[in-house]
Amino acid sequence: MRVEITVNGQPHSREIEPRLLLVHFLRDTLSLTGTHIGCDTSSCGACTVLLDGVAIKSCTVLAAQADGCAVTTIEGLAGEDGLSPVQEGFRQCHGLQCGFCTPGMVMAATALLAERPDPTEQEIRNGLKGNMCRCTGYQMIVESVQWAAANGGAR
Amino acid sequence: MIGSAVPRKEDAALLTGRGTFVDDIHRPGLLHMVYVHSTEAHALISGIDAEEARSLPGVLGVWTARDFAGLPPRPSVPGLERGYLAGDKVHYVGEPVAVVVAADRYTAADAARAVRVAYEPLPVMATVADALAPDAVPIFAPLPGNLALEQQVTPDDVTADLEAAPNRLRARLVNQRCAGTPIEPYGVLADWAGAGPTVWATVQAPHRVRAEIAERFGLARHLVRVIAPDVGGAFGVKSSFMPELFLAPELSRRLGRPVKYVETRGEHMVHTYHGRDQVQDVEVGFDAEGRVLALDVTITVNVGGVPDPVGIGLATLTSYMLGGCYRIPKIAARFRSVVTNTTPTASYRGAGRPEASFLIERVVDLVARELGKDPADVRKVNLIQPDEMPYQTPFEGIVYDEADYPAALDLLLGELDYAGLRAEQARRLADPAAPLLGVGLSTFVEMGGFGPTPLFEQFGYLGGWESANVRLQPDGSVIVLVGTAPHGQGHQTALAQIAADQLNVPFEAISVLYGDTAVVQEGTGTMGSRGMPVAGNAVRQAAAEVAAKARTIAAHMLEADADDVVPIGDGFQVNGAPEATVTLAAVAERAFKPHLLPEGTVLGLENTAYFEPKNLSYPSGAHGCVVEIDRDTGRVSILRYVCVDDCGTVINPLTARGQIHGGVAQGIAQALYEKVTFDGDGRPLAASLEDYMVPGPLDLPPYETHHIETKSSFNPLGAKGLGEAGATAAPQAVVNAVVDALAHLGVRDVEMPCTPERVWKVMHDAS
Ligand code: FES
Ligand code: FES
């Protein structure tokens, strides 16, 4: 089947297998490998992207379901003027170690700040509860999101 | 730069989705490999029907053990050799039985599902008790029984000491099986083009992997290239020699195309090795003050269905560390490694040492409780004092480096407001509506900085040293090649800080490269908290040599005596002559101009150093945990978690904090949430992230971190390592707090993980 999906502002039209997951469409079909796969039970959130502005786990969505939609991946966040505030917050506050959970974490945090520009610590933890990180123990991720909230938010 | 909290060099790529993990790498003609895993815990394989799988469009083949009979066995303990796939029988659920290669991953998965394996069931022994029962049958063929190894670690017999002690008690402690669970699963991409393979793999020791691959294929090492690109967490579980490291190159060779294998999480949970899984039987003798006089320990380790060469002997490290931070005159230790029908176990963050720390810290609390003393006071009478350092433990070769254990405990007690907490605890006990409060202490010491070589050789490594090549580019910028292979620790940053100080060049002018055997001189790898204490010193040493040579060239350029030339901002100056300066860039360029250098000068500005540590280093500290327990549900909430760590010299406080947090998080996870379990038929009950409770952001507390900095004299940097300290300290800090909250009910132990269900049951059984 054919799908038309806009990814990071670029329209793509591709012939795909109906069972193709969105995450594989991004990674294998479009070679956007920033979106990661950490599980097979929609538990880890490493695959989180924005689908029409809403954070979703791209391993639980078929590419076919994204037909006609706009997807933002980690590759689409930074602008010519550099990292987005959330990305910069992670850098400043050491919110990443191995970096494998990071794209999903950053996308989930971006969606969270779009909805709640000034979240409490508890709201941040709650907003990221679908994302696992095995390296950081989360506190420095929370601090990263707080930094981002104070320095430009979800942009 | 040492000691400054600079953000990491690693982050720019990782934050923009431009990292390069194994599964991100594509090669033209790439094929995908998938395993068929055993669904049985113990069975004979009576047949494998792969006809349907082979007939699927896009499938290139299906292979079984027989097809790899010509390949020498995987790295094993001599006499316990094992193949790549199960042959006549399977030993655990998840053991690879066959391998499928197809043009894309969906087809490969379809084909794997279409392979039909016929099993003849054998009696399943999923627990140590079953595996050692009189009617047990041997699981792993090279062994006559299921006791794979029995070792007396110390010759000490402490029977008489225990009998002479004024008090003694016995305990059985359980350190449950955990899964390392890096968020990136294991992956390999092999491309055998020409005379040998290039292998990209999620590994912690690429040079070691190169040696093992070369040996299997009868190749000289220069023909094999192993690359550990960005690795998404490892925690020890990516140090085992998984069969895919050899099968992917072999299939690439046979098919003439690149072959990639990336496990699914479901596979990871049953196929990649687990850690811990010890039962510890302890007897301790102590005096009226709580001074520990003698300790007798028998450790039983469940090594799973096919003993791993590291896993089988890991309890040696547990034994060595049994005395913890305490002056215990006599320790008798022995262990048994037992084969069962479960996934094999090997290294997991701390690898053997957290189990020891857990044991002795739980024992000290039991002693305190028995005597009606405060656990802090019992620790104080036992702690080794700073003036006793270096301290020779009862184990030969195990010598603790400089530290101040009492100061760490004092700092912790102060930060906790320990007296205030005890008062609050008493107040809450008296108020049946208030949740119970518990305080747990953990004064810990562990091993870091693995080497030296005689020790590390025992684990199959070429050496225990680490290597660094420091090379000035002609423009004065610097490339450092280091033999470690980090996976989140931030070596690009911390090692650049060390080099910057030696060379007097800006941090920004340094790049640190690693993980590629074709780029890096011989290396050892990243495990055993060896980054800063071993690799850091190698970088320091190599950089110092380069700096010394640069100074000689500068002296020549300035027509001065080298002794009169001093480093300044961006180069060198003749002492006392501010106008006589030369930039490092000019010196670096000059290093490549033979006609402008003194006769006989070796061209270039570079040096390779191999740093061999004198001994292991011993990171230590004191952690404290405050928990609240809901009287109705048994739910444990961590109110505070306070860390005092002594890792010696702190290179980068930002990344050091990250290492402590991450380790503590995994320790808390073991204490409260995680356990790999199997049912009586050996079927895994925690085979996904839905069933294995990796904690999320709402499940873990904020951490308060403090440092005591006692430099180690065992290496010039004075660093001790930090990667495993948190995971070593935390489980017993939490469990001691949980038991402390319930002690008034007569509770003396709660097994990990302290889930609401378990805590509730313990509370109810006690009251
Ligand atoms: S890969 Fe999508 S939630 Fe884990
Ligand atoms: S940084 Fe490694 S999993 Fe989050």
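The values are calculated or read from the model by the stated rules, or taken from the named source; none is laboratory data. Because the structure is a prediction, the values reported are computed rather than measured. With ideal geometry, Cβ positions are generated from the backbone for all residues, glycine too; neighbour counts draw on all protein chains shown. Ligands, DNA and RNA are stripped out before the accessible areas are found, and what is left, the full protein with its side chains, is counted by its heavy atoms. Shrake-Rupley method; radii C 1.70, N 1.55, O 1.52, S 1.80 Å.
Quick test of your reading of the structure: residue A:34 fulfils all but one of (1) open to solvent by less than 40 Å² (accessible area, probe 1.4 Å); (2) within 15 Å of residue A:102 (Cβ to Cβ); (3) out of contact with any Pro (no Cβ under 6 Å at 6 or more places or on another chain). Name the failing condition by number. The single condition residue A:34 does not satisfy is (3). Only residues that are within 16 Å of ligand 1 (Cβ to nearest atom), open to solvent by 10 Å² or more (accessible area, probe 1.4 Å) and within 7 Å of another protein chain (Cβ to nearest Cβ) were counted in region A:116-130, giving 1.
Determine, yes or no, whether residue A:88 is away from ligand 1 (no atom under 16 Å from the Cβ), charged (D, E, K, R) and surrounded by fewer than 18 Cβ atoms within 10 Å (Cβ to Cβ).
When the stated conditions are applied, residue A:88 does not pass them.
If you go through region A:1-31 and keep only what is closer than 11 Å to residue A:64 by Cα, of a type outside the set (Val, Ile, Thr) and free of Cβ contacts under 8 Å to residues at least 60 places away in the same chain, you end up with A:2, A:14, A:15, A:17, A:18, A:19, A:20, A:21, A:22, A:25. Considering region B:312-418, the qualifying helices (runs of 4 or more DSSP H), each wholly inside and each with 1 or more residues that are within 24 Å of residue B:439 (Cα to Cα), run over B:353-371, B:375-382, B:405-416.
Counting only residues that are among the hydroxyl-bearing types (Ser, Thr, Tyr) and open to solvent by 40 Å² or more (accessible area, probe 1.4 Å), which one in region B:5-42 is nearest to the other protein chains (Cβ to nearest Cβ)? That would be B:20.
Let me spell it out: the conditions are (1) surrounded by fewer than 24 Cβ atoms within 10 Å (Cβ to Cβ); (2) within 14 Å of chain A (Cβ to nearest Cβ); (3) of a type in the set (Ser, Thr, Tyr), and residue B:641 meets all of them except one. Which number is the exception? Residue B:641 satisfies every listed condition except (1). Taken over region B:236-283, the residue count meeting the criterion of being crowded, with 24+ Cβ neighbours inside 10 Å, in a helix (DSSP H, G or I) and within 14 Å of another protein chain (Cβ to nearest Cβ) is 6.
Conditions tested, residue by residue: (1) in contact with a Pro (Cβ under 9 Å, 6 or more places away or on another chain); (2) outside any loop (DSSP other than H, G, I, E, B).
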position: B:697; (1), (2): no, no
position: B:731; (1), (2): yes, yes
position: B:736; (1), (2): yes, yes
position: B:752; (1), (2): yes, no
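Counting only residues that are within 30 Å of residue B:330 (Cα to Cα), open to solvent by 50 Å² or more (accessible area, probe 1.4 Å) and in contact with a strand residue (DSSP E or B) (Cβ under 9 Å, 6 or more places away or on another chain), region B:100-148 holds 2 of them.
How many residues does region B:615-647 hold that are part of a strand (DSSP E or B) and closer than 18 Å to residue B:412 by Cβ?
Here is the first cut: in region B:615-647, the residues part of a strand (DSSP E or B) are B:617, B:620-629, B:636-646.
In the following step, the residues that additionally are closer than 18 Å to residue B:412 by Cβ were identified as B:620-627, B:638-646.
Number satisfying all stated conditions: 17.
Within region A:1-42, the set of residues being more than 8 Å from every other protein chain (Cβ to nearest Cβ), among the polar types (S, T, N, Q) and in a loop (DSSP other than H, G, I, E, B) comprises A:8, A:42. Condition check for residue A:54 on (1) buried (at least 21 other Cβ atoms within 10 Å of the Cβ); (2) more than 14 Å from residue A:103 (Cβ to Cβ); (3) more than 12 Å from chain B (Cβ to nearest Cβ): one failure, at (1). When you look at residue A:63, is it touching a residue at least 40 places away in the same chain (Cβ under 8 Å), open to solvent by 10 Å² or more (accessible area, probe 1.4 Å) and more than 13 Å from ligand 1 (Cβ to nearest atom), yes or no? Considered against the rule, which asks whether it is touching a residue at least 40 places away in the same chain (Cβ under 8 Å), open to solvent by 10 Å² or more (accessible area, probe 1.4 Å) and more than 13 Å from ligand 1 (Cβ to nearest atom), residue A:63 comes out as no. When we screen B:746, B:696, B:680 for residues that are in contact with a helix residue (DSSP H, G or I) (Cβ under 9 Å, 6 or more places away or on another chain) and either in contact (Cβ under 8 Å) with a residue 24 or more places away in the chain or buried (at least 24 other Cβ atoms within 10 Å of the Cβ) (or both), the only hit is B:680. With the structure loaded, tell me whether residue A:41 is within 13 Å of ligand 1 (Cβ to nearest atom) and open to solvent by less than 40 Å² (accessible area, probe 1.4 Å) or whether it fails that test. So residue A:41 passes the test.
To keep it simple, each residue is scored yes or no on (1) open to solvent by 70 Å² or more (accessible area, probe 1.4 Å); (2) part of a strand (DSSP E or B); (3) out of contact with any Leu (no Cβ under 7 Å at 6 or more places or on another chain).
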position: B:567; (1), (2), (3): yes, yes, yes
position: B:582; (1), (2), (3): no, yes, no
position: B:586; (1), (2), (3): no, no, yes
position: B:589; (1), (2), (3): yes, no, yes
position: B:592; (1), (2), (3): yes, no, no
position: B:595; (1), (2), (3): yes, no, yes
position: B:602; (1), (2), (3): yes, no, yes
position: B:608; (1), (2), (3): no, yes, yes
position: B:613; (1), (2), (3): no, no, yes
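Yes or no: region A:96-115 includes at least one residue that is more than 13 Å from chain B (Cβ to nearest Cβ), at pLDDT 95 or above, farther than 30 Å from residue A:17 by Cα and open to solvent by 10 Å² or more (accessible area, probe 1.4 Å). For region A:96-115, residues more than 13 Å from chain B (Cβ to nearest Cβ), at pLDDT 95 or above, farther than 30 Å from residue A:17 by Cα and open to solvent by 10 Å² or more (accessible area, probe 1.4 Å): present.
Going by what's in this entry, would residue B:264 be described as under 17 Å from the mean Cα position of the chain (by Cα), away from ligand 2 (no atom under 16 Å from the Cβ) and on the phi < 0 side of the Ramachandran plot?
Spelling it out, it is not the case that residue B:264 is under 17 Å from the mean Cα position of the chain (by Cα), away from ligand 2 (no atom under 16 Å from the Cβ) and on the phi < 0 side of the Ramachandran plot.
Number of residues in region A:44-75 that are farther than 15 Å from residue A:34 by Cα and out of contact with any Leu (no Cβ under 9 Å at 6 or more places or on another chain): the value is 5. With respect to being within 11 Å of residue A:7 (Cα to Cα) and away from ligand 1 (no atom under 16 Å from the Cβ), residue A:70 fits the description.
Identify all residues within region A:91-114 that are out of contact with any strand residue (DSSP E or B) (no Cβ under 8 Å at 6 or more places or on another chain) and within 16 Å of ligand 1 (Cβ to nearest atom); write none if there are none. Correct list: A:101, A:102, A:106, A:109. Considering only residues of region A:60-95 that are within 16 Å of ligand 2 (Cβ to nearest atom) and in a loop (DSSP other than H, G, I, E, B), which is farthest from residue A:16 (Cα to Cα)? Here the residue is A:93. Within region B:683-692, the set of residues being open to solvent by less than 80 Å² (accessible area, probe 1.4 Å) and part of a loop (DSSP other than H, G, I, E, B) comprises B:686, B:687, B:688, B:689, B:692. How many residues does region B:99-119 hold that are touching a helix residue (DSSP H, G or I) at 6+ places or on another chain (Cβ under 8 Å), assigned to a strand (DSSP E or B) and not charged (D, E, K, R)? Residues in region B:99-119 being touching a helix residue (DSSP H, G or I) at 6+ places or on another chain (Cβ under 8 Å), assigned to a strand (DSSP E or B) and not charged (D, E, K, R): 4 in total.
Could you tell me whether region B:289-304 includes any residue that is within 16 Å of ligand 1 (Cβ to nearest atom) and among the small types (Gly, Ala, Ser)? For region B:289-304, residues within 16 Å of ligand 1 (Cβ to nearest atom) and among the small types (Gly, Ala, Ser): absent.
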